[in-house]
Amino acid sequence: MLKLYNTLSKKVENFKPIHNREVGLYTCGPTVYNFAHIGNLRTYIFEDLLQRVLEYNGYRVNRAMNITDVGHLVSDADEGEDKLEVGAKREGKHPLEIARFYTDKFFRDLTELNIIKPGVVKSATQTIDAQIEIIKLLEQKDYTYQNESGIYFDTSKLPDYGMLSGQKLSGKKTGAREEVVVDPHKKHPQDFVLWFFLAGKYKNHVLHWPSPWGEGFPGWHIECSAISRKALGQPFDIHTGGVDHIGTHHTNEMAQSEAAFGVPLANIWMHGEFLQINSGKMAKSAGTFITLDDLKAKGFSPLDLRYLYLTAHYRTQLNFTWEGLEAAHKALERLYAFINLPRPGEDWKKEVDKSYQNQFIDAINYDLNIPKALGIARSLMDDPNILNSVKITTLFDFDKIFGLKLEDTERGYPTWLTIAAIQDQDMGLKLKAIMLTREKAREQKDFQKSDELRKQIEDLGYEVMDTPEGQKVKKKVNI
Ligand code: AMP
Ligand code: ZN
């Protein structure tokens, strides 16, 4: 039976979906004012692993995610500028141009990390009407108050406000992300904005819409209440995000949805722990962060990062180091090499080893113990009593969770490029030219020349491998 840790009960619980074999899963998406950093991507990999484990258990997963393109201020406590406007000013563009650019890039990152794209993706700016409807309901039920800066949610009207983080109202801090900021317009420090007016420092806010309270724009949390309810109903099964969402964003989503509709928003709340760097948090707002492109520039494949993230449980912090990533890269290359072992001809068996598979299922089904599942895969590879064909078939089964493209490996390593796949930019054209000359040399069995050309390829910072489908190259890892 699948067991999952619920932040709400602080316990590992037996998982029982609301609708028999279907699961409603909601993920808080990115604020698209900058590149996603590899900390953000750790959270999306955790959520991908959750979806894969649910599917492995035979559930059909309906998954929805928002894209935050308005209303998320620099401080989670409703202070400072809108992050999208910060991005727009930085790049001299319209906020929606910024949003489009970073949203596209975000989805490219997800594809490269082999993350399954949620079935429903909606942005805040696409769902303004649904957000206004909820605010109207909250107003009718007397959960709101208005002042010159906007419509606020009055948290003192909800007796169990703060139950997710376990913080009593009196002791509530304003979010894990930022220092405590107290807005003088709030009746209580933990109250939050549902709708901002075009007033005060938001007088010139670029994005704004009409509403029953005048022109303005929504606060950050209301989009998730609107999008999740529309896509999945209420309550739905599982709501996910990073741990920084517990204290403010999820607490507020939960409060406003429950106040508006009288039922909980979601049954299970799951949170991925942070990626640290130099033992501090990696944050977009700090301006110093590592992106997937930074890793690729050093010769790593996005799947090396995915492998690294499989080695740490989602509820433990992980400190990022380049050495750690290099170790993950080597482990993944070993795994690919294993899949490419010479195959036994006639006794090739497409059979899964049941004993290892059962151990694997026990591991993933106990709150996604993926590091343990990876250990089981390693023991399987080292087991002298099992045929290679059975090992490989079993690893393909495990890869439904790991997502390391092991089956693609049969047709060549996914991290190595064919000549055709090399991009023309940077060193690409030069590299291609040398490889084409080397191809001719090899056809003519001029192995001395082939070796010389290999050396030239290495001098450009690449490694070359000869495979039945021709030469493949990969940038040398250089940390
Ligand atoms: P944001 O784009 O800032 O709204 O964040 C997108 C996702 O990344 C959210 O689920 C955050 O909780 C998560 N996140 C932010 N920083 C980190 C980090 N250092 N490690 C892991 N997840 C993070
Ligand atoms: Zn959210």
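Overview of values
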item: Scan of segment 199-225 for residues that are without any contact (Cβ under 8 Å) to a residue 40 or more places away in the chain and either among the polar types (S, T, N, Q) or within 16 Å of residue 125 (Cβ to Cβ) (or both), ordered by number; result: 204, 208, 210, 215, 221
item: Enumeration of residues in segment 17-32 that are assigned to a loop (DSSP other than H, G, I, E, B) and near ligand 1 (Cβ under 8 Å from one of its atoms); result: 28, 29, 30, 32
item: Test: residue in segment 84-93 that is touching an Asp or Glu at 6+ places or on another chain (Cβ under 7 Å), surrounded by 16 or more Cβ atoms within 10 Å (Cβ to Cβ) and either in contact (Cβ under 8 Å) with a residue 24 or more places away in the chain or in a strand (DSSP E or B) (or both); result: yes
item: Members of segment 34-59 that are farther than 20 Å from residue 232 by Cα and either within 16 Å of ligand 2 (Cβ to nearest atom) or not assigned by TED's automatic domain parsing to the domain that holds residue 163 (or both); result: 36, 40, 43, 46
item: Residues of segment 1-42 satisfying the condition of being among the aliphatic types (A, V, I, L, M), exposed (fewer than 14 other Cβ atoms within 10 Å of the Cβ) and farther than 26 Å from residue 306 by Cβ; result: 1
item: Enumeration of residues in segment 65-83 that are out of contact with any Gly (no Cβ under 8 Å at 6 or more places or on another chain) and of a type outside the set (Val, Ile, Thr); result: 69, 72, 79, 80, 81, 83
item: The lone exception for residue 289 - which of (1) in a helix (DSSP H, G or I); (2) in contact with a His (Cβ under 7 Å, 6 or more places away or on another chain) it fails; result: (1)
item: Index of the failed condition, residue 78 passing every other in (1) free of Cβ contacts under 8 Å to residues at least 60 places away in the same chain; (2) surrounded by 22 or more Cβ atoms within 10 Å (Cβ to Cβ); (3) acidic (Asp, Glu); result: (1)
item: Residue 122 vs. criteria in contact (Cβ under 8 Å) with a residue 12 or more places away in the chain, closer than 20 Å to residue 65 by Cβ and not in a helix (DSSP H, G or I); result: yes
item: Whichever residue in segment 218-263 is within 12 Å of ligand 1 (Cβ to nearest atom) and hydroxyl-bearing (Ser, Thr, Tyr) and, among such residues, is modelled with the highest pLDDT; result: 240
item: Selection count where residues are under 24 Å from residue 6 (Cβ atoms) and of a type in the set (Asp, Glu), scope segment 182-236; result: 1
item: Those residues of segment 299-329 which are modelled with pLDDT of 90 or more and assigned to a loop (DSSP other than H, G, I, E, B), in sequence order; result: 300, 301, 311, 312, 313, 314, 315, 316, 317, 321
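Per-residue answers, yes or no, for (1) surrounded by 18 or more Cβ atoms within 10 Å (Cβ to Cβ); (2) in a helix (DSSP H, G or I); (3) outside the structural domain of residue 313 (by TED's automatic domain parsing):
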{"residue": "398", "(1), (2), (3)": "yes, yes, no"}
{"residue": "429", "(1), (2), (3)": "no, yes, yes"}
{"residue": "442", "(1), (2), (3)": "no, yes, yes"}
{"residue": "448", "(1), (2), (3)": "no, yes, yes"}
{"residue": "455", "(1), (2), (3)": "no, yes, yes"}
{"residue": "465", "(1), (2), (3)": "no, no, yes"}
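The values are calculated or read from the model by the stated rules, or taken from the named source; none is laboratory data. Computed from a prediction, not measured in an experiment: that's the story for all the values here. Backbone-built Cβ (ideal geometry, glycine too); neighbour counts: all protein chains shown.
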